[in-house]
1. Take the alpha carbon atoms of region 145-189, find their center, do the same for region 373-403, and report the distance between the two centers in whole angstrom.
2. Using 20 Å as the Cα-Cα cut-off, could you pick out the over-long pairs in K91/K432; K319/K421; K151/K179; K107/K171?
3. Given the peptides 418-425, 251-258, 150-157, arrange them by the average over their residues of other C-beta atoms within 10 Å, most packed first.
4. How far, in nm, would the chain grow between D401 and D341 when pulled straight, counting 0.36 nm per residue and subtracting the alpha carbon separation?
5. At q = 0.10, 0.19 Å⁻¹, what is the base-10 log of I(q)/I(0) for region 305-446 according to the Debye formula with one equal point scatterer per Cα and no solvent? Please give it to two decimals.
6. Can you sort R165, R440, R118 by solvent-accessible area, 1.4 Å probe, largest first?
7. Sort Y105, Y366, Y123 by accessible area with a 1.4 Å probe, largest first.
8. Order the peptides 458-471, 128-141 from the highest to the lowest mean number of other Cβ atoms within 10 Å of their residues.
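The values are calculated or read from the model by the stated rules, or taken from the named source; none is laboratory data. Worth saying up front: this structure is predicted, and the values here are computed from it rather than measured. A quick note on method: Cβ atoms are made from the backbone with ideal geometry, for glycine too, and the neighbour counts reach across all protein chains shown. Protein only, heavy atoms only, side chains kept; ligands, DNA and RNA dropped before computing areas. Shrake-Rupley method; radii C 1.70, N 1.55, O 1.52, S 1.80 Å.
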Amino acid sequence: MLVAGSQCCSPGLAEYRGCGPLRGGEDRGIKMPRQLGRGPSAFIPVEEILREGVESSRRQLFIDAFVSAGKVDNIAMVMGLHPQYLSSFWKTQYLLLRMDGPLPYHKRHYIAIMAAARHQCSYLVGLHMGEFLQVGGNPAWLQGLHCAPPKLRSLNEINKLLAHRPWLITKEHIEALLKTGENSWSLAELVQALVLLTHYHSLASFVFGCGINPEAEQDGGPGCRPPSPHGDSSPASDDGVGGSGGKDAMREVEVLMERMQLLRESQLEEEGVTQEEMATRFELEKTESLLVAPSDIAAPTSLQSNVLCFVEDPEFGYKDFTRRGEQAPPTFRAQDYTWEDHGYSLINRLYPDVGQLLDEKFQVVYNLTYNTIAMHCGVDTSMLRRAIWNYVHCVFGIRYDDYDYGEVNQLLERSLKVYIKTVACYPEKTTKRMYTQFWRHFKHSEKVHVNLLLLEARMQAALLYALRAVTRYMT
């Protein structure tokens, strides 16, 4: 799909041990990451990420990170399998956290904590507790949401909805936050807060989806459990990904290739599917998504106190967009409120520059490909990438009129659907087994790309619901 380590194109990976050309950073007082018996991910074999000889583009990215931040965290190490995306991600996150904007720096980190806590992501909560203190935040606020100022606490409801059921957000939620008063938000402040919340909800999905390990300095600290309940104790290198997995796994690749070819041929031969049939197929896919639930979800883990203290109504979670016997909210027709025509311009008007960077990030991940699938080269993967993106939007109730949702069933196997829905909707329930069971003969870098598509599709879906509510408030 976009294999950073396939037989067809095999760029080197990062030097994580502080050896080679990056070792010189230690002489400049730069904190170099060390391998402490494990790598950045609990799911991906350490050698996949730590190969010697990093290509020049990736090496320069990491050097820039060492200079600006003094370290490269585990998220970046895994994202770095795809340097073009990592560069875009870093630019966006840097603007959100460190450049001029309506919100003070310490409040930005506190909002990141609130967002990550909704998904029990102790990795991100701990990271931003440290950042919050570094930029002068009041340590008392870290005792819990009840100790934060009322203005920040007022974000709790929209944080909860954005994280779990964004289709419930209305202009009344926006109006309540903007109403005149001592603790009211300005429109510019609120838009920055909405972007931060959706950014960290989605980043929590990536942390759990890729099994990101705690940083070395987090080890032994409060609340730094492994990023997800692994569900098994097998080592990452024995998971059947990236070359092993037997004849069945190889056959899965061939079946996918055959289905993609058949779909291309049928698109050329057919005059097209009617709009009525398109709508029927979307409703069918949306209904079938109710049945896509992981069978091996571990028992709920008790929230650690350093995460629970930032969460109100912890039982509130994702609920299927369409449930039998219930009144479903109307489907969000993507053509009625698009990112390109509506969301982008609204954000850029209220929070300059961030709209452009978000748009670039969406485009980079959607179009990113090395034209490879597992051991095959020269493959047009656009159909597969679009199916993953649109399936994420489907489980959040967003429909594209011009897309045939029959392709989703043709291209996405059940184990992949289970993984996508879990990581996008309740990432804290992701297990290593789920990661292992889909695309068993594909490279880890291809699975990382799936997670990048999930991250961005989920963020865009939540943003569309939030920005539509803002637009309705303004009009």
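1. Answer, in whole Å: 33.
2. K91/K432; K107/K171
3. In descending order of packing, they fall as 418-425, 150-157, 251-258.
4. Contour length minus Cα-Cα distance gives 20.0 nm.
5. Log-scaled intensity ratios, in q order: -0.48, -1.38.
6. Descending accessible area places them as R440, R165, R118.
7. Order by accessible area, largest first: Y105, Y366, Y123.
8. For the peptides 458-471, 128-141, the packing ranking is 458-471, 128-141.
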